[in-house]
Amino acid sequence: MHILIVEDDPKTAALLASALRQEDFAVSHVADGESGLQSALAEVFDALLVDIMLPKRTGLSLVRELRQQGRTTPVIMLSARGEVEQRVEGLNAGADDYLPKPFALSELLARLRSLLRRNVVHKPAVLALADLTYDIGTRETRRAGKRIELSSRESLLLECLLRAEGRVVSRRDIIVSVWEYDFDPGTNLVDVYVRRLREKIDRDHSPTLIQTVRGFGYALRLQP
Amino acid sequence: MTLRRRILLYYAATLSVSLVIVAFWSWFEFNEQRDAALRGGVEAAMKHNPLVETVEIILLGGLPALLLGIIGGGLLMRRALRPIEELTEALETTTASNLAEPVTRSGNGDELDRMTAVFNGMKERLGASFTQAREFTLHASHELKTPLTILHGTLEQMLGDGTTPVAHRERVTSMLEEVQRLSGIVGQLAFLAKADAGLLETTHGAVAMHELVRDLVEDLTLLSASQNISVALGTCQPAQVAGDRMRLRQLLLILGDNAVKHNHKNGSISLALHQDEDQVSFRITNTGPALPLDLRPRVFERFLRGDASHSNTVEGSGLGLSIAESIARSHRGSLVFEVLEDGRTQLTFSLPGGQK
């Protein structure tokens, strides 16, 4: 997998590159919008990470031009400026996802992976892990064949964790997919809901599936 | 012309007219006396009593001159003071939001015109420093985001890196959590700076407040469970308002969260939503330590925390209620803080909204 990073801040670029290389991605980097566009048109990349504020050509203009040239390479926009309006602007220009700074590397990697996968595999109707099953359509949840009653937010939370397929999901991602908040709620809502979900699916069963990863978020997986 | 010179001129004109009136009556009386003397000699002239003549001059000449002086002086004063009144009105209506609009100048170069110019200059400088403070916060929060990203990422890599000694992991994790907290505060500051500058983009759609309130009750019930706080929803009338759904949810969550955090074990929270004729009001009341009297008027100030001894145990940045208030304002609504007689704290959010 080959990723192009278009970012003018050298430290951010270095950090992104090293994180991606660690995950076995091949990485190229350019520092301005114009050369970003040229590289993206000249070579084949699996995905682009594009900062919005760039010299010579903004990230928005880069993506717009890329799409106009008929390229469908997945693009994640990164920005330190406003959140909501920039997200809308970025997605309108043709980006596939938008990540406001400051973001966690784990979050970026998770989004990148889900973006790369999106085009390939079709989602199954039933998600499963060990003896836990979850039907996306009916939201029916079973553990060891026994039915578990979940509230609508609890099932959304479970679905969000199952979809990550064992990777850590950040609190911010959980908030976005369960509550659809575009702001930091400043409460421990996520932790409270996870605790409750844990009681329902993990308390009377083993192995325990929901794991807390301090400083990151939560993961649903078998203990390695 | 200066104001002083103008008043002097008006004054002189009024005095001159009065003088003319008095002079006319004096001339008339003297003339009458002379005529009498010419026609009937000294005898006839002596019939004119000097006292009566003087009274006549005072009544017929002095009184009109006096009235003219009073009326003229009154008009004069009113005219002279009108620009001062206008300036006072302009000063009274000056708020942080209209600093950019200068007060209209008379342009005649008098003292008041100069004062208006000075006032406009002051307004302009005040406006500039307001803008500067706003932009500073906005820029600062943007500039902080990139270093925070790098800091966060580097710490993440240290944790993911197998060579980081176990003894350091705990510290790195704790640093990571602090970076996240810092990021949260920076985000809130950026929000407030944008709201202050009127840059908050709000979409205005129809929002069913009663649904948002029910959602809030569900979240609050869970949030408050560990403190054994009871959450009760009283009246919840169906209420439609025009507003930004996301921002209204944010406001409700801030108020709800506030009611949980500033509560005590086994306390209670009660909520109600009322739809009156043209207003929707949401009320949330909670038990807990009441805010000290001197801090109450400052409750929506930034970074204000309850009493100092308590603040260490309460999480949060102290920006929540400021954000809630700016959301209320952006919806042309209001947020009112009260401490009830029984010591409970109550926040009321009202906003315009018609019947369904």
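No value in this document is a laboratory result; all are computed from the given coordinates. As the structure is a computational prediction, the values presented were derived from the model and not from experiment. Note that each Cβ is placed from the backbone with ideal geometry, even for glycine, and that neighbours are counted across all protein chains shown.
Worth a mention:
- Note on chain B: with a GNM built from Cα contacts shorter than 10 Å, the maximum mean-square fluctuation among B:GLY74, B:GLY318, B:GLY198 falls on B:GLY74.
- Full extension of the chain between A:ARG81 and A:SER28 gives 16.6 nm of extra length, using 0.36 nm per residue less the Cα-Cα distance.
- Whichever lysines have a C-alpha closer than 19 Å to that of A:LYS11, once near sequence neighbours (fewer than 8 apart) are set aside: A:LYS101, B:LYS145
- Extension gain (nm, one decimal) between B:LEU304 and B:GLU135, 0.36 nm per residue minus Cα-Cα: 58.7 nm
- The orientation-averaged projection of the convex hull spanning the C-alpha atoms of chain B amounts to 32.7 square nanometres.
- In the protein assembly as shown, a dipole from Cβ-located charges (positive for Lys and Arg, negative for Asp and Glu) runs towards its positive end, and of B:VAL231, B:SER141, B:ALA259 it is B:VAL231 whose Cα lies farthest in that direction.
- At an R0 of 41 angstrom, the distance between the Cβ atoms of B:VAL52 and B:LEU8 translates into a FRET efficiency of 0.65.
- Residues of region B:270-290 with amide N under 18 Å of a point placed 7 Å along Cα→Cβ from B:ASP342: B:270-273, B:283-290
- Formal net charge of residues neighbouring B:GLY62 (Cβ-Cβ distance under 15 Å; K, R +1; D, E -1): -3
- For chain A, calculated [θ]222 nm from helices alone, where every DSSP H run of n ≥ 4 adds -39500 (n - 2.57): -11500 deg cm²/dmol
- Calculated P(r) of region B:1-146 - Cα pairs past 23 Å, %: 64 percent
- With an a/c value of 1.5 or above and a/b not larger than b/c for the gyration tensor axes a ≥ b ≥ c computed over the alpha-carbon atoms, region B:138-253 is described as oblate.
- Ordering B:149-159, B:265-275, A:38-48, B:37-47 by mean Cβ neighbour count within 10 Å, with the highest value first, yields B:149-159, B:265-275, A:38-48, B:37-47.
- Calculated translational diffusion coefficient of region A:2-118 (20 °C, 1.002 mPa s; Stokes-Einstein with Kirkwood radius over alpha-carbon pairs) equals 155 µm²/s.
- Average 1/r across all pairs of distinct alpha carbons in region B:130-196, invert it, and you get the Kirkwood radius: 13.2 Å.
- Max mean-square fluctuation residue, GNM over chain A, Cα-Cα springs under 10 Å, options A:VAL88, A:VAL27, A:VAL50: A:VAL88
- FRET efficiency, 1/(1 + (r/R0)^6) with R0 25 Å, evaluated for B:ILE71 and B:TRP27 via beta carbons: 0.55
- Spherically averaged projected area in nm², based on the convex hull that wraps the Cα atoms of the protein assembly as shown: 43.6 nm²
- Listed residues B:HIS48, B:HIS210, B:HIS168, most fluctuating in chain B (Gaussian network, C-alpha, under 10 Å): B:HIS48
- Count Lys and Arg as plus one, Asp and Glu as minus one, and take only other residues whose Cβ is under 11 Å from that of A:LEU209; the net charge is then +1.
- Computed FRET value (nearest 0.05) for A:ALA144 with B:ASP161, which takes r as the C-beta separation and R₀ as 35 Å: 0.40
- Residue exposure sequence - A:LYS101, A:LYS56, A:LYS146 - by fewest surrounding Cβ within 10 Å: A:LYS146, A:LYS56, A:LYS101
- Prolate/oblate/rounded call for chain A, Cα gyration tensor, a/c under 1.5 rounded: prolate
- Within chain B: Cβ-based charge dipole about Cα centre, in debye rounded to nearest 20 (Lys, Arg +1; Asp, Glu -1): 380 debye
- Inter-probe distance in nm under a simple model that places probes 7 Å from Cα toward Cβ, at A:ARG67 and A:ASP131: 4.8 nm
- Summed residue charge, Cβ within 12 Å of A:SER106's Cβ, Lys/Arg positive, Asp/Glu negative: +1
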